[in-house]
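Worksheet for the structure shown next.
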């Protein structure tokens, strides 16, 4: 049986993720001509995702996330890795620059994989 906290996190995560993704598409696809509404929708999606984390942690009786240097570093590494991966995909699929796109995408994957030892540590 699914726990209530997991169900709430699943619903909020789905709604927030869809709003964020659709907002980014609206803002970044010029043919849609919907930059400002896209930014608003993307920010709403990001806010729902942040609320989801707070609500889920409260329902699971977990302590709030503490901001430390390591937490900020992990977030920055995740952002850089995701951006590199996305740029690699754009280079490959949008700008028809296959080799460069694959290389940049692989670098993004490697950066994202570096999060595991950064967060968990090595033994």
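Listed here are the residues, each with its yes/no results for (1) closer than 29 Å to residue 55 by Cα; (2) modelled with pLDDT under 95; (3) surrounded by 15 or more Cβ atoms within 10 Å (Cβ to Cβ); (4) assigned by TED's automatic domain parsing to the domain that holds residue 25.
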{"residue": "70", "(1), (2), (3), (4)": "yes, yes, no, no"}
{"residue": "83", "(1), (2), (3), (4)": "yes, yes, no, no"}
{"residue": "91", "(1), (2), (3), (4)": "no, yes, yes, no"}
{"residue": "95", "(1), (2), (3), (4)": "no, yes, no, no"}
{"residue": "104", "(1), (2), (3), (4)": "no, no, yes, no"}
{"residue": "110", "(1), (2), (3), (4)": "no, no, no, no"}
Exercise for the section: Among the helices (runs of 4 or more DSSP H) lying completely within segment 1-102, list those that include at least 2 residues that are within 13 Å of the chain's Cα centre (by Cα), in contact (Cβ under 8 Å) with a residue 40 or more places away in the chain and within 23 Å of residue 116 (Cβ to Cβ). Expected result: 69-93
Problem - Among (1) surrounded by 14 or more Cβ atoms within 10 Å (Cβ to Cβ); (2) modelled with pLDDT under 95, the one test that residue 63 misses - result: (1)
Exercise for the section: Would you check which residues across segment 114-123 are under 18 Å from the mean Cα position of the chain (by Cα) and either within 30 Å of residue 29 (Cβ to Cβ) or not in a helix (DSSP H, G or I) (or both) and list them? Expected result: 114, 115
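The values are calculated or read from the model by the stated rules, or taken from the named source; none is laboratory data. This is a predicted model, so every value here is computed, not measured. All Cβ positions, even for glycine, are placed from backbone atoms using ideal geometry, and neighbour counts span all protein chains on display.
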